[in-house]
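A quick write-up on the structure given underneath.
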């Protein structure tokens, strides 16, 4: 498996961390965020790119999909953090597949944006934008 999750998170971290309280940008699901705004960035899918395998059938490339979630108590703060995260992901070479506002039926005062990104990574951890 081509594993670039820590590299991707560490690349995006400097852009997002100043916009959230200390410890409020994670690479894992947190059911009860301690403070807001709060953001997560996780690898959701990692698929071998079968069209680009070596003759020995080694994994040379993987198609990777990430999901970002941003939670905040106001829509402006939520969009501000998501914009920083989105800019870093696209600068790194990811294509945004979707970005949407997700209504919180349990608490309408909490805002959430979710975005998905996709790219291809080679075994040397180089990111290539999907066309």
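Here are the numbers:
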{"read-out": "Some residue of region 9-19 being in a loop (DSSP other than H, G, I, E, B), within 16 Å of the chain's Cα centre (by Cα) and either at pLDDT below 95 or on the phi < 0 side of the Ramachandran plot (or both)", "value": "no"}
{"read-out": "Residue ranges of strands (runs of 3 or more DSSP E) in region 79-131 with at least 2 members modelled with pLDDT of 95 or more and either more than 11 Å from the chain's Cα centre (by Cα) or surrounded by 15 or more Cβ atoms within 10 Å (Cβ to Cβ) (or both)", "value": "95-101, 111-122"}
{"read-out": "Residue list for region 61-78, restricted to those being surrounded by fewer than 17 Cβ atoms within 10 Å (Cβ to Cβ), modelled with pLDDT of 95 or more and in a helix (DSSP H, G or I)", "value": "76"}
{"read-out": "Residue in region 74-90 that is over 19 Å from residue 8 (Cα atoms) and either in contact (Cβ under 8 Å) with a residue 60 or more places away in the chain or in contact with a helix residue (DSSP H, G or I) (Cβ under 9 Å, 6 or more places away or on another chain) (or both) present", "value": "yes"}
{"read-out": "So residue 1, is it surrounded by fewer than 12 Cβ atoms within 10 Å (Cβ to Cβ) and either part of a strand (DSSP E or B) or in contact (Cβ under 8 Å) with a residue 60 or more places away in the chain (or both)", "value": "yes"}
{"read-out": "Whichever residue in region 32-60 is surrounded by 20 or more Cβ atoms within 10 Å (Cβ to Cβ) and not in a loop (DSSP other than H, G, I, E, B) and, among such residues, is farthest from the chain's Cα centre (by Cα)", "value": "38"}
{"read-out": "Breaking point among (1) at pLDDT below 95; (2) within 17 Å of residue 89 (Cβ to Cβ), for residue 4", "value": "(1)"}
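The values are calculated or read from the model by the stated rules, or taken from the named source; none is laboratory data. Quantities reported herein were computed from a predicted structural model and do not represent experimental measurements. In this analysis, Cβ positions are derived from the backbone assuming ideal geometry, glycine residues included, and neighbour counts consider all displayed protein chains.
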